[in-house]
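The values are calculated or read from the model by the stated rules, or taken from the named source; none is laboratory data. Just so you know, these numbers come straight off a predicted model, no measurement behind them. Cβ atoms come from the backbone with ideal geometry, glycine included; neighbour counts cover every protein chain shown. When the accessible area is computed, the model is the full protein with side chains, heavy atoms only, and any ligands, DNA or RNA have been set aside. Shrake-Rupley method; radii C 1.70, N 1.55, O 1.52, S 1.80 Å.
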Amino acid sequence: MSDELPKHYSPQALEEEWYSRWEAQGFFRAETGTGRPAYCITIPPPNVTGELHMGHAMQHAIHDAVVRWQRMQGREALCLPGTDHAGIATQMKVEEELIRTEQRNRYDLGRAAFLERVWAWREKYGGAILGQMRRLGLSYDWHRTRFTLDEGYADAVLRAFERFAGKGWIYRGTRMINWCPSCGTVISDLETEERLLQGSLWHIRYPGAGGGPDVVVATTRPETMLGDTAVAVHPADPRWRQAVGGQVMLPLMERLLPIVADEYADPQLGSGAVKITPAHDPNDFEVGQRHQLPQLQVIGFDARMTPATGRYSGLDRMDCRRQVVEALSAAGLLVKIEPHEHAVPHHDKCGTIIEPLLMEQWFMDMKDLARLTLPYIERGDIAYTPERFRGYAADWLGNIRDWAISRQIWWGHRIPAWYCRHCSGPGLIPLGGLERERALAEGSFRVSVEEGAHPVVSLKAPERCPGCGGGDWVQDPDVLDTWFSSALWPFATLGWPGDTPEMETFYPTDLMITGRDILYLWVLRMAMTSLECVGKIPFKRVLVHPTVLTKDGRRMSKSLGTGLNPLDLVNLYGADATRFSLLYQAGSVQDVRFDAEIENNQVKASAIAETGRNFGNKLWNAARFALMNLEGYTGAAPSGETLDLADRWLLSRLVGVRSQVNLCMEEYRFSEAVRALYDFVWRDYCDWYVELAKPRLYGQGSGKTQAQEVLVCALEEALRLLHPVMPFLTEALWQALPAAARGDAPSIMVAPWPLEGAGKPDPAAEAEMASLQQLITAVRTLRSEMGLAPGKKARVLVATPDTAAAKTLEAQRLYLELLTRAEPLVVGAALEAPPGAGSAVVGTLAVYVVLENPADTGQERARLNRELEKFLKLVQNQTAKLANGQFRANAPAAVVQKEEQRLEEYRLAAGQLQASLERLGKG
Ligand SMILES: [Zn+2]
Ligand SMILES: [Zn+2]
């Protein structure tokens, strides 16, 4: 497969070709029973409706780097992909399409026909995100791709539900839930989005009853007052001490409300009294529980006022608000209205304002599971990177709340609970305006145990009803929260509840890589369900990856126009450069400010991805150089006493970078690993070693062979170390190298990972090379300050009283002459500075660069004088500009700062020119 390397590095063609070759050869597959130690990651399944964003790209760059690294270490490495059915998001997409194209809703279509549409949608579009992921070069085992609604997975979900129900953890309960009136379902906290709204704060007077004082309460939602069942004041508030136990009259409803003492009331706010609406506010619900207050539902599931509101019944919640305010104002009970900006929860998928409502739902009591799991977190059986998240996890488990697991949608795992039509009749309430028979037949109804429903949990409809002996059952209409099924991801994907070889080989998995936002709702739920269902932890470590922000620290979001499609980066710079850009920035600091210019969700340019591509170019050219200079190469490993200083130095640096990369990979410090490799390849290998090796490579004899051996050996190993970051480029180059031709491995993907311990560092060579580099750099600086053309030879004098140092310099004479264009190079103990020479001091060495030709000196002086004059003029103009008060007053701070910086640069340049002139002397 050792093809001739094309002259230019062009990532796109290369990436497409190698991805299909790898896949065709089965390198992504992992098998059971190979006897190799196993390594497994199950990737967080993206939503089947999803589109790749930068968060995914970061996550997958890390996933693939880790799994490639493990595979190269000889492990049977499985990275298992898949998608989540994403109940609400997917159902919404199809419902929108239905309304748009056929003006029909899901009830018009009916449950079965609607679900057929969703499956069809999934067949057509559901694989899109996996296709997008492949373009990043991910080496996942696509044969094992799972979907949270596929047959085996659905079975696992129902088994788990049955098991939890058997333990007595599943129950029907009435709780405050987040209700989306437009989607018609309960949604999780995670799916709500706080948006700042410009609203008002209405101050309303509730007249005192029985001689008690009037109370003024403030609210942002006046319509909810119709459901007030108390007024609360703080027990320590002296203003209200007498009033507690008294009553006020609720305006418009003419209902008496008790005044209760509760610490929830904040004495610092307004009058210190707050209205309590237990059925429509989560905090008020808690207050209501403490004081046994009635829960009066005044807003219905359709966001309209309920019959309990009398004359307001049937009004939309916003219309009702207007009428309530008018009526209060007419009655003189509206004390004042203040403009008030406040955060209001919206449904993130559809943008509707969430209505907190009391509703019957299926709940799961999580206390036993949390108790079971906590010790595993506390002992570190499940480790966290960064470590601090382990403490947060323990706190969350310690304060666990019951989980509302039912959703009033159709796309998902339908809850295996059954109702006898005969005995549960009144508790089964039709939805969507359907007549009863049809509503029950297709599951378009709401269940209320309070009103008479009797659920029986069972995977299949029971034979006989324990109540009436009948057999006419309807299944629960709700589906399980999507998180319920994804909580089983690591083991359901490997075949649980079966006793599969995959479970045997790969479970518990090794690593869970995820974002911060789902550490509790998802990651800990996986831990809890796994310990219960499998009796094992699901993964040994949780790695929390950084959040990707824009360059100026804003959230990347399509709706803000700050979205960045990673595939745009891939198209512009290649997948390797994209992965490089992500991993280069994936440090231990949590947020990554991704260096890219984004306009309207389009990436214009990305400096960091460009750095990645330039790096690829540099490596490509270095590899081509090496390949073109291999005539007579023996294939032997570099060794022996005869190695040159440059050889010894590069091999020692290789030991250093290998050990650093190993350490960083072990500790998931990807950014440091990438930076170490970047420096090694760019600076040590390309900028120094290749230059130092040229005289030997262009010559003949043993020096040439040795240089070839070092050139190939260091490059080949650097490619292997870099492979997890830039898989395509490293494969293409590696295939062209002699290692591939020798048949060491069919692909760099399965070539052995360079482990720490091979070779020893050579501190003497590193120190010697460091002084040599300092000296060369000093001469180059002098030459450039003196305006010497790059190719022009000049006499270089190095004076040192130290005979050992002089001896070393003599030994490296060839390198020094080559890299400083010194002709001749004179090393001596007592050398005088020639007139007109440029000079510098490097450690104990005095260095002089001499201009030989006085005519040159004259020309040089004239040139320097012209340059100096130019810069003095610039300094003058710039000083005047900055002295202008008008400019300073009107220009933005950033512009002023830039101009000041410019002045500083002009001054510096003028100073350097002045120094150069002085160095030339008067001669
Ligand atoms: Zn919604
Ligand atoms: Zn019955």
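For segment 399-454, GluC sites (Glu not before Pro) meeting the loop criterion (DSSP other than H, G, I, E, B) and having at most 16 other Cβ atoms within 10 Å: GLU435, GLU450, GLU451.
For the set GLU918, GLU360, GLU162, solvent exposure ranked by accessible area (probe 1.4 Å, protein chains only) runs largest to smallest as GLU918, GLU162, GLU360. Of the Cα atoms belonging to segment 392-453, the radius of gyration and Dmax stand at 16.0, 50 Å. Counting only protein heavy atoms and using a 1.4 Å probe, the accessible area of GLU254 comes to about 130 Å². Taking 4.7 Å between C-beta atoms as the pairing limit, the chain has these partnerless cysteines: CYS40, CYS79, CYS320, CYS350, CYS468, CYS533, CYS664, CYS686, CYS713. Segment 873-917 and segment 120-145 have their alpha-carbon centroids 55 Å apart. Counting only Cα atoms, segment 351-492 measures 56, 40, 27 Å along its principal axes, largest extent leading. Ordered by solvent-accessible area of protein heavy atoms (1.4 Å probe), largest first, the residues ARG146, ARG195 come out as ARG195, ARG146.
For segment 300-348, the direction-averaged projected area of the alpha-carbon convex hull comes to 4.8 nm². Counting only protein chain heavy atoms and rolling a 1.4 Å probe, the accessible areas of CYS423, CYS79 rank, largest first, as CYS423, CYS79. Here the contact order of the chain, divided by its residue count and restricted to Cα pairs under 8 Å and six or more residues apart, works out to 12 percent. Counting only heavy atoms of the protein chains and using a 1.4 Å probe, THR49 has close to 30 Å² of accessible surface. Summarised in one figure, the compactness ratio Rg/Rh of segment 712-833, Cα atoms and Kirkwood Rh, is 1.17.
All C-alpha to C-alpha distances of segment 171-265, sorted into 5 Å bins beginning at zero, yield P(r) values of 3, 11, 16, 18, 16, 13, 12, 8, 3, 0 percent in whole numbers.
The ellipsoid that matches the Cα gyration tensor of segment 35-173 has semi-axes, each √(5λ) in whole angstrom, of 33, 23, 12, with the longest given first.
Farthest toward the positive end of the dipole of the chain, out of TYR698, VAL479, PHE615, is the Cα of TYR698, where the dipole comes from beta carbon charges about the Cα centre. Taking 1.567 mPa s as the viscosity and 4 °C as the temperature, the Stokes-Einstein diffusion coefficient of segment 837-917 based on its alpha-carbon Kirkwood radius rounds to 85 µm²/s. With the simple spin-label model, which puts each label point 7 Å out from Cα in the Cβ direction, the ALA915 to ARG239 separation comes to 7.0 nm. Computed with a 1.4 Å probe on the full set of protein chains, the accessible area for TYR685 sits at about 10 Å². Note on the chain: along the principal axes its Cα atoms extend 110, 77, 53 Å, ordered by decreasing extent.
How much of the DSSP bridge set in the chain is antiparallel, in percent, rounded to the nearest 5? If I count the DSSP bridges inside the chain, around 70 percent turn out antiparallel.
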